[in-house]
Each structure stands twice: as C-alpha cells, then as structure tokens.
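For reference, the structure is listed below as structure tokens.
The values are calculated or read from the model by the stated rules, or taken from the named source; none is laboratory data. The structure presented is a predicted model; accordingly, all values stated were derived computationally and were not measured. Please note: Cβ atoms are built from the backbone with ideal geometry, for glycine as well, and neighbour counts cover all protein chains shown.
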Amino acid sequence: MAAGAAAAAEAKAALATTGIAGPGGGTKEKPVGLVYIGCFLNGRIRVEECHFQGNRMEVREAAVERAVEILWEELTDKEEEV
C-alpha cells in the first residue's frame, strides 16, 4: 500500500496503515488494536506489525504516531549515509 501510494502521488516517501481499530471487528487471530504500518522511502519498504490498546481513537492515534516514528527512523538511518 505504501509503495502504491508513493507511485500514485509520484512521491519518494509514503506511509500506509491497515488494521482493526475497534470497537468491533476483532477476532482471536486479528484482535482489536492490531495494526500494520507500511513505510516506503526511496524504493525501500518497511512493514511493522503493531498491537495497540485503547478505544478506537486511541488505537488510531497510536498508529499515526508510530507511523511517523517509523518514517523518521528511516529518514535518519545512518547506515544509508555510508
């Protein structure tokens, strides 16, 4: 999803999230709070599985916060500078 978003926007970076924010829709295998975050940056893709607690708004806010953190981590990755 993140790579597709970047391609559609002709961008070098994009974030994407998908998951179950609740309050309903969760199962034992895919509980409420399960979120996948995708980060695309300059051709690299990173995907992270996250499990957040809280109500729908709290899960969504936590997902956004983590997505931005992931992008920041990728942008400041010192190994890429070598």
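Filter region 18-56 for residues that are hydrophobic (A, V, I, L, M, F, W, C) and within 20 Å of Glu73 (Cβ to Cβ) and give the result.
Within region 18-56, the first condition is being hydrophobic (A, V, I, L, M, F, W, C), and the residues that meet it are 20-21, 32, 34-35, 37, 39-41, 45, 47, 50, 52.
Within region 18-56, Val35, Ile37, Cys39, Phe40, Leu41, Ile45, Val47, Cys50, Phe52 meet the criteria.
Against the conditions (1) surrounded by 14 or more Cβ atoms within 10 Å (Cβ to Cβ); (2) out of contact with any Phe, Trp or Tyr (no Cβ under 9 Å at 6 or more places or on another chain), Lys28 satisfies every one except (1). Restricting attention to region 31-54, the residues being surrounded by 14 or more Cβ atoms within 10 Å (Cβ to Cβ), over 12 Å from the mean Cα position of the chain (by Cα) and either farther than 16 Å from Gly19 by Cβ or at pLDDT below 95 (or both) number 1.
Note on region 31-70: residues that are out of contact with any Phe, Trp or Tyr (no Cβ under 7 Å at 6 or more places or on another chain), aliphatic (A, V, I, L, M) and not in a helix (DSSP H, G or I) total 5.
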